[in-house]
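Worksheet: the structure to be examined is printed underneath.
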Amino acid sequence: MKSDHQAQASSDGPIVRLAGVNKHYGALHVLNDINLDVVKGEVVVILGPSGSGKSTLCRAINRLETIDDGTIAIDGKKLPEEGKALARLRADVGMVFQSFNLFAHKTILENVTLGPIKVKGMKKSEADKLAMQLLERVGVANQAAKLPAQLSGGQQQRVAIARALAMRPKVMLFDEPTSALDPEMINEVLDTMISLAREGMTMLVVTHEMGFARKAADRVIFMADGQIVEQAPPEEFFTNPKSARAKDFLGKLITNH
Amino acid sequence: MQGYLSLWDEYGARIMESFWTNLQLTFWAFIACAILGTILAIMRISPIPSLRAFGTAYVNIFRNTPLTIIMTFGVLVLFGVFQLQLSSDFNFNFFQIAIIGLTIYHAAFFCEAIRSGVNTVPLGQAEAARAIGLGFLPAARLVILPQAFRGAIVPMGNVLIALIKNTTVALAGSVAEISGLMKTMIEYRADLGVLIFLTVALMFVVIVVPIGMLVTWLSKKLAVAR
């Protein structure tokens with residue numbers, strides 16, 4: 001995998017670049033002058049209280065949310081507004097959702113092969129082979145013929161990761177991937193994500209899992225009220241947060257655990 | 001009883017023939033309204049504002065126009081004024097114009113049935129489809145509509161049932177269908193008026209009740225598990 005997406009990178013610039021991004025929901029300034037670069041192979045974890053804009057930021061990167069101004073570029077290419085060019089760029093950005101969003105009427109195998117076949121024009125036999133490899137890798141190959149509703153949440157989320165990987169994305173976005181899971185299933189998903197990070201995938205992860213941030217992140221970004229308040233390597237952030245907001249946020253977590 | 005049997009002797013063949021016309025009208029109009037209705041539904045959920053506006057306008061115009069008026073318009077205006085000749089056969093021409101009228105009217109309802117099906121599909125399905133790089137049409141065709149159809153079996157069945165019964169309005173379009181024949185029979189056999197009504201009504205019941213049961217069964221069998 002690692003060599004694959006190295007070969008695809010078309011420039012030495014950042015894989016994801018956000019410059020001066022703003023978004024409002026009415027009076028709420030949900031993204032306030034966001035500047036962020038994610039370089040190849042980097043794992044960035046976004047933390048912050050709910051309502052801080054972290055999910056919106058994540059979803060804006062493949063334009064599931066529009067922005068009011070600023071620019072977002074994927075591997076040096078500015079995000080197009082609509083149409084085929086946008087669809088092409090989205091194919092390079094893998095997305096994993098909080099609620100899995102597996103195609104409910106398709107089998108696990110079809111969920112993974114749909115993109116390669118319909119978007120990339122891959123032959124079905126080839127796509128099946130690729131999908132089985134990926135399902136093997138996330139540990140659900142034996143469920144390939146089932147429908148999503150027959151799988152546990154943890155299994156569904158691992159299939160969703162395989163579905164995104166099947167497009168051989170340049171970057172993977174995770175929007176609170178474990179927030180809808182029962183506690184005993186969180187680790188199976190996090191382990192999959194950690195191994196992906198170790199293999200060199202570029203990842204941007206919105207999560208509340210501090211353990212994942214410590215283990216796998218290269219950089220932690222702390223957001224509050226639509227702004228990036230603080231960013232640091234995880235050890236530094238967790239042991240020595242600088243801003244009052246971050247100290248407050250981490251303090252609340254500690255008292256809860 | 002004797003009288004009723006003699007009615008069948010006299011009109012039996014024409015009764016079956018006329019009712020067969022209703023079923024044929026149903027068959028062709030349902031296929032056509034399903035196609036047109038699906039296209040309209042795609043327009044109504046599309047990201048292009050002008051297509052959405054067209055779809056909305058179509059539905060509002062034809063859903064709110066009485067079918068009898070659409071039928072009469074077909075005959076008096078399309079045929080009468082503009083000399084629309086779909087077929088050199090006089091009767092077959094009216095038959096086709098009636099199919100067009102039924103299609104135009106029921107497509108509005110079919111569109112709304114599909115749209116109610118689309119509402120059963122969570123937004124996340126469309127987002128996931130877009131996230132893997134599918135454009136609007138492929139996402140609609142591969143992800144949204146297959147689930148929407150399965151969530152719209154009951155309202156689509158309602159459109160079909162309404163259509164079956166509404167084929168009797170083709171009478172207003174000069175088609176020799178069952179309600180026209182019923183009128184004729186009552187005129188000539190006034191002694192059997194009630195029985196003639198019941199006979200025709202029963203013929204529709206025999207067709208519609210199994211369809212209703214089939215629809216209920218299909219809606220359960222095809223429901224998308226979430």
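Which whole number of Å³ per residue matches the convex hull of the alpha-carbon atoms in region A:1-129? The partial results should precede the final answer.
On the way: hull volume 18.3 nm³, N = 129.
Measuring per residue, one finds 142 Å³ for the Cα hull of region A:1-129.
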Query raised in the report: Short version: ³J(HN,Hα) in whole Hz for each residue of region A:119-131, in order, from phi by Karplus 6.51 cos²θ - 1.76 cosθ + 1.60 (θ = phi - 60°), x for Gly and Pro, what are they?
Result: 9, 9, x, 6, 5, 4, 4, 5, 5, 4, 5, 4, 4
Requested in this report: Can you tell me the 0 to 90 degree angle between the C-alpha axis of helix A:183-198 and the longest principal axis of chain A, rounded to 10?
Outcome: 90
Report task. Report Rg (one decimal) and Dmax (nearest whole number) for region B:78-172, counting Cα atoms only, units Å. Result -> 18.5, 55
**Report entry** Inter-chain shielding of A:113-120 (mean C-beta neighbours from other protein chains, 10 Å cut-off)
**Finding:** 4
**Report entry** Positive-end residue of B:70, B:88, B:111, charge dipole of region B:35-135 with Cβ unit charges
**Finding:** B:111
Report summary line: Cα-based Rg then Dmax for region A:63-172, in Å, read 14.7, 46
Report summary line: Log entry: pair-distance distribution for region B:137-181, C-alpha pairs binned every 10 Å from zero, whole % per bin is 25, 27, 21, 20, 6
Report summary line: Cα extents of chain A per principal axis, largest first, Å, are 55, 41, 36
**Report entry** For region A:94-135, alpha-carbon Rg relative to the globular expectation (2.2 N^0.38 Å, N residues)
**Finding:** 1.15
Query raised in the report: Expressed as a whole number of Å, what is the distance separating the alpha-carbon centroids of region B:16-60 and region A:175-213?
Result: 47
**Report entry** Between helix B:2-45 and chain B: long-axis angle, C-alpha atoms, 0 to 90°, nearest 10
**Finding:** 20
Query raised in the report: When each pair of different Cα atoms in the protein assembly as shown is counted once in the 1/r mean, what is the Kirkwood radius in angstroms, to one decimal?
Result: 26.3
**Report entry** Karplus-derived HN-Hα couplings along region B:172-177 (A = 6.51, B = -1.76, C = 1.60, θ = phi - 60°), whole Hz, x at Gly and Pro
**Finding:** 5, x, 6, 9, 7, 10
Report summary line: Rounded to the nearest whole number, the Stokes-Einstein translational diffusion coefficient of region B:66-128 at 20 °C and 1.002 mPa s (Kirkwood radius, C-alpha pairs) in µm²/s is 155
Query - Dipole magnitude of chain B, debye to nearest 20 (Cβ charges: Lys/Arg +1, Asp/Glu -1, about Cα centre) - result: 1100
Report task. Evaluate region B:1-44: find the radius of gyration of its Cα atoms, find its Kirkwood radius, and give the ratio Rg to Rh. Result -> 1.41
Query - Projected area averaged over orientations for chain B, convex hull of C-alpha atoms, nm² - result: 15.0
Query raised in the report: Protein chains only, probe 1.4 Å: how do A:12, B:9 rank by accessible area, largest first?
Result: A:12, B:9
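Viscosity 1.002 mPa s, temperature 20 °C: what is the translational diffusion coefficient of region A:155-257 from Stokes-Einstein with a Kirkwood Rh over Cα pairs, rounded to a whole number of µm²/s?
Numbers: Rh = 14.7 Å.
Here the translational diffusion coefficient equals 145 µm²/s.
Could you tell me how many cubic angstrom of Cα convex hull volume region B:93-138 has per residue? Kindly include the intermediate steps, with their values, before the conclusion.
Values: hull volume 3.4 nm³, N = 46.
For region B:93-138, the hull spanned by Cα atoms encloses 74 Å³ per residue.
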Report task. Determine the principal axes of the Cα atoms in region B:130-226, then give the extent along each, sorted from largest to smallest and rounded to whole angstroms. Result -> 69, 28, 11
Query - region B:4-122 - Debye-derived log10 I(q)/I(0), Cα point model, q = 0.11, 0.14 Å⁻¹ - result: -0.49, -0.71
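The values are calculated or read from the model by the stated rules, or taken from the named source; none is laboratory data. All of these numbers come straight from a predicted model, not from anything done at the bench. Positions of Cβ are backbone-derived with ideal geometry, glycine not excepted, and every protein chain shown enters the neighbour counts. With ligands, DNA and RNA removed, areas are computed over all heavy atoms of the protein, side chains included. Shrake-Rupley method; radii C 1.70, N 1.55, O 1.52, S 1.80 Å.
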